[in-house]
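Student: Have a look at this one.
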Amino acid sequence: MTNSWEKNKKLDYFLTKYRSKLLVFAVFSLKNEDQALDVLQETMIGFVKVASNYNEEAWLNLCYKILKRRIIDFQRKQRWRNRLCAIIPFSQLNADQSEHKKPAQIDETQGLFSDVESQYRADCLADEFEYAFKRLPKRQQEAYLLRQWQGMSTLETAEIMACSSGSVKTHLSRAMQSLKVSLGEWIE
Amino acid sequence: MNYKNKSKPLKQHFDKNLDQIEARLSQKHQQRLNEISQKALQLGSTRPLFSLHSTLIQTLIKPLPILILSSLLMLSVLINTLFEYQNIQEKSPNIPDNVLVANKIPTWVKDTQVPLELLENMDFYVWLSQHDHIAKCQDQSLLAAARVNQFRSRQ
């Protein structure tokens, strides 16, 4: 009884700590927040069911693996759904939500910035970064989020992405290069 | 303050932006995230995935598609065989009675090298009935011919 309570407490802490990071990963993969939340729910249920069979150190890796598989499953279902929608002409399910508007460019002619202006520039950089990041290929996004942002090892990242360590390095390097090119004017 | 600061490493900028995105999403969907976590904990603790019951169901469910496919395949093969059999029966020619009788005639009778007077000799058939086993060797014309020669030499 005590074990079960402790286990639940640990799981609750783990989920509270990492759920938003997992959500970010899902949102970038699916490009839709509602769908990402649905997938995250399935992931969490699946994770809680099997978590007791693994060490706590492996939980994050396991959780990302489950999430990745759920995303792939969801995208497969989505593809079938889209095909069906294409067959049925009067379907209302063809709305494309994957388009992103490029954020407004700020005026570069100004020299010194006040605090408000600086904040504005920081916001613009954040928007610019999000836009640039969304434009990256999916694998590069995954490699960046797991390896750089989450600080996972190359091996762990490779395991989650179901590819070799070399591929992870390649994806990451390309992602960094693309981001540097896209945001160079802001950060150099 | 100029935001373009060379001392800040690239990763730090990006991480900060991702953290901002995370915070924004977390704040926006906080209620839903709480609900999800609670639901996961409730469902996860009540239905363990690797219990005996679920593994039994999984082992039963997995061969089901294979079973369905194989039974469908067998059914299609059976139907195909039945149709083929029906077609063969329909296509088989009506052999006239005289042809069927002709098929029963021993080969050595058809053999042109066997003299006609021998075939018309009643003693030959008497001799043949006495040596019945030769009649069974209808298709072995060489053996039959040898027997014919044997009869001729006796005469």
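The values are calculated or read from the model by the stated rules, or taken from the named source; none is laboratory data. Only a predicted model underlies this, so the values are computations on that prediction, with no experimental measurement involved. Methodologically, a virtual Cβ is constructed for each residue, glycine included, from the backbone with ideal geometry; neighbour enumeration extends over all protein chains shown.
Conditions tested, residue by residue: (1) in contact with a Lys or Arg (Cβ under 8 Å, 6 or more places away or on another chain); (2) modelled with pLDDT of 90 or more; (3) within 14 Å of chain B (Cβ to nearest Cβ).
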position: A:CYS85; (1), (2), (3): no, no, no
position: A:LYS102; (1), (2), (3): no, no, no
position: A:ILE106; (1), (2), (3): yes, no, yes
position: A:GLY111; (1), (2), (3): no, no, yes
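Student: Within region A:14-23, track down each residue that is facing another protein chain (nearest Cβ under 10 Å) and surrounded by fewer than 16 Cβ atoms within 10 Å (Cβ to Cβ).
Tutor: The answer is A:THR16, and nothing else.
Student: In region A:63-91, how many are closer than 18 Å to A:VAL24 by Cβ and hydrophobic (A, V, I, L, M, F, W, C)?
Tutor: Number of matching residues: 6.
Student: Something else now. Mind listing whichever residues of region A:35-78 are part of a loop (DSSP other than H, G, I, E, B) and either buried (at least 19 other Cβ atoms within 10 Å of the Cβ) or within 11 Å of chain B (Cβ to nearest Cβ) (or both)?
Tutor: Within region A:35-78, A:SER52, A:ASN53 qualify.
Student: Any chance region A:158-180 includes a residue that's within 11 Å of another protein chain (Cβ to nearest Cβ), of a type in the set (Gly, Ala, Ser) and under 19 Å from A:LYS65 (Cβ atoms)?
Tutor: no
Student: Which condition does A:ARG81 not pass, out of (1) modelled with pLDDT of 90 or more; (2) away from chain B (no Cβ under 14 Å), if it passes all the others?
Tutor: A:ARG81 satisfies all of (1) modelled with pLDDT of 90 or more; (2) away from chain B (no Cβ under 14 Å) except (1).
Student: Let me ask you something else. Do we find a residue being closer than 30 Å to A:ILE45 by Cβ, modelled with pLDDT of 80 or more and part of a helix (DSSP H, G or I) anywhere in region B:68-91?
Tutor: Yes; the residues of region B:68-91 include at least one that is closer than 30 Å to A:ILE45 by Cβ, modelled with pLDDT of 80 or more and part of a helix (DSSP H, G or I).
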